[in-house]
Amino acid sequence: MGSRSGKSSPKVSSMENNHKEPFIIGVAGGAASGKTTVCDIITQQLHGQQIIESFYYGLSEKKLSQVHGYNFDHPDAFDTERLLSCLKSLKCGNEADIPNYDFKTYEKVFPERKVSPSDVIILEGILVFHDPRLRELMNMKIFVDTDADVRLAQRIHRDTVEKGRAVTVVLEQYYKFVKPSFEDFIAPTKKYADIIIPWGRNNKVAIDLIVQHIHTKLGQHDICKFYSNLYVIQSTFQTRGMLTIIRDVNTSKHDFIFYADRLIRLVVENGLGHLPFKEKQVKTPTGAVYTGVEFCREKLCGISVIRSGESMENALRACCKGIKIGKILIHKDAEEGEQLIYQHLPKDIAERHVLLLDPILATGNSAVQAISLMLERGVQESNIIFLNLISAPEGIHAVCKKFPRIRIITSEIELGLNDECHVIPGMGEFGDRYFGTV
């Protein structure tokens with residue numbers, strides 16, 4: 001069995017510490033089926049860390065003296081408990097000590113290697129689906145299904161070239177251990193696979209589809225690494241709970257407004273943290289001097305995209321007393337696209353930092369229109385902070401690619417858009433639910 005550096009049941013400690021559990025992929029299949037090549041391709045496309053190690057038990061001197069009669073393809077040959085311990089450690093955001101194993105001498109090699117947590121862990125091995133405890137840790141299970149003759153040919157080539165073994169020894173082990181173990185232990189685990197890849201390493205289409213699916217599952221964590229100007233507020237059970245309430249179609253208008261306002265306040269506070277500050281010293285009631293900071297309140301304004309954006313104005317006013325707020329109305333036309341209908345912006349907006357308010361970032365078309373208008377009015381791109389509750393990847397790509405110097409602050413990133421350009425899973429028409437209109 002091997003592990004490579006990607007999630008399972010969430011734990012309170014990991015959520016509260018803002019630790020994102022890795023996405024764990026299990027890759028099983030017969031010996032020499034092409035598992036390693038499949039894992040290499042997935043790892044390269046995900047730009048992740050790659051680890052290839054083995055969790056075999058070390059052999060005693062007696063077993064080493066009879067090594068050609070030892071079945072390395074039997075479940076009892078693997079230290080499953082050690083593997084489980086390593087995976088759980090990585091899931092919790094801790095380092096793990098991974099054993100080294102020399103396939104030529106059949107011995108463990110010291111020192112062991114320290115491995116840091118990764119976004120993706122690929123667990124590769126002929127029997128990784130055999131133990132139900134391992135299967136429970138996996139987010140995705142892949143079985144590489146390669147014809148037996150092809151596996152035998154690849155095994156002969158690998159063991160003779162890479163491990164220096166004689167063909168007769170390879171064939172003897174194959175018919176005595178490898179083939180029976182595949183039929184008894186490995187082939188039956190195919191039923192647990194989420195995805196079966198026929199033709200192994202040569203099935204580029206299947207591997208590409210798997211990588212795309214993993215990118216989608218990684219969601220906001222992956223997109224945030226791609227765009228340095230995208231920020232997602234810290235996820236806690238409180239924020240997840242509030243998002244759950246406002247997404248629920250059965251939530252009352254009163255509760256929707258209450259919890260939406262709480263989330264909006266968190267997003268606004270986070271956005272204010274991205275404004276420039278300067279050092280300031282004050283004297284405390286005890287007579288001591290405290291060195292702190294103050295932000296540029298007088299050179300700040302908010303711009304709400306009518307009408308959903310108006311729901312965010314109260315939170316901004318509560319955080320920034322006396323702040324100027326302008327408005328932009330953009331009409332969505334099926335034939336002519338986004339059209340600017342109305343604008344009311346501060347006359348000196350070019351000299352200000354701007355907080356753009358719109359709770360939903362879907363296609364990004366309205367945001368692009370609003371940002372383009374502000375740039376035309378002389379606002380520096382780096383002075384614009386776009387605040388929203390939820391963002392679709394399509395909208396993030398549209399805004400960040402066109403305006404790489406603005407900052408987007410959001411509470412959660414969605415799966416994407418459906419055929420009607422509605423955010424999925426979304427929360428419906430935000431303005432209608434917030435203002436109680438249809």
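Brief remarks follow.
- Residues satisfying the stated conditions in the stretch 376-401, i.e. in a helix (DSSP H, G or I) and within 23 Å of the chain's Cα centre (by Cα): PRO393, GLU394, GLY395, ILE396, HIS397, ALA398, VAL399, CYS400, LYS401
- Close pairs from the stretch 93-121: first farther than 28 Å from HIS68 by Cβ, partner among the aromatic types (Phe, Trp, Tyr), Cβ under 6 Å, at least 6 apart: VAL120/PHE23
- Residue match in the stretch 379-395 (condition: modelled with pLDDT under 90 and of a type outside the set (Phe, Trp, Tyr)): yes
- Subset of the stretch 116-133 (residues that are small (Gly, Ala, Ser) and out of contact with any strand residue (DSSP E or B) (no Cβ under 8 Å at 6 or more places or on another chain)): SER116, SER118
- For the stretch 339-375, a residue qualifies if it is aliphatic (A, V, I, L, M) and over 30 Å from the mean Cα position of the chain (by Cα), and the qualifying residues are LEU340, ILE341, LEU345, ILE349, ALA350, LEU373, MET374, LEU375.
- Residue list for the stretch 235-289, filter: under 22 Å from the mean Cα position of the chain (by Cα) and over 14 Å from PRO359 (Cα atoms): SER235, THR236, PHE237, GLN238, THR239, ARG240, GLY241, MET242, THR244, ASN270
- Filter result (surrounded by fewer than 23 Cβ atoms within 10 Å (Cβ to Cβ) and closer than 23 Å to THR244 by Cβ) within the stretch 363-393: PRO393
- Flag set for ASN94, criterion: polar (S, T, N, Q) and assigned to a loop (DSSP other than H, G, I, E, B).
- Among residues of the stretch 108-128, those that are buried (at least 16 other Cβ atoms within 10 Å of the Cβ), outside any loop (DSSP other than H, G, I, E, B) and at pLDDT below 85, counted: 3
- Where helices (runs of 4 or more DSSP H) fall entirely within the stretch 129-210, those with at least 1 residues that are buried (at least 16 other Cβ atoms within 10 Å of the Cβ) and either under 35 Å from the mean Cα position of the chain (by Cα) or not assigned by TED's automatic domain parsing to the domain that holds LYS104 (or both) are at 132-137, 148-161.
- Of the criteria (1) surrounded by 16 or more Cβ atoms within 10 Å (Cβ to Cβ); (2) under 28 Å from ILE413 (Cβ atoms), which one HIS331 fails: (1)
The values are calculated or read from the model by the stated rules, or taken from the named source; none is laboratory data. Just so it is clear, the model here is predicted, and its values are computed rather than measured. All Cβ positions, glycine included, derive from the backbone under ideal geometry; neighbour counts span all protein chains shown.
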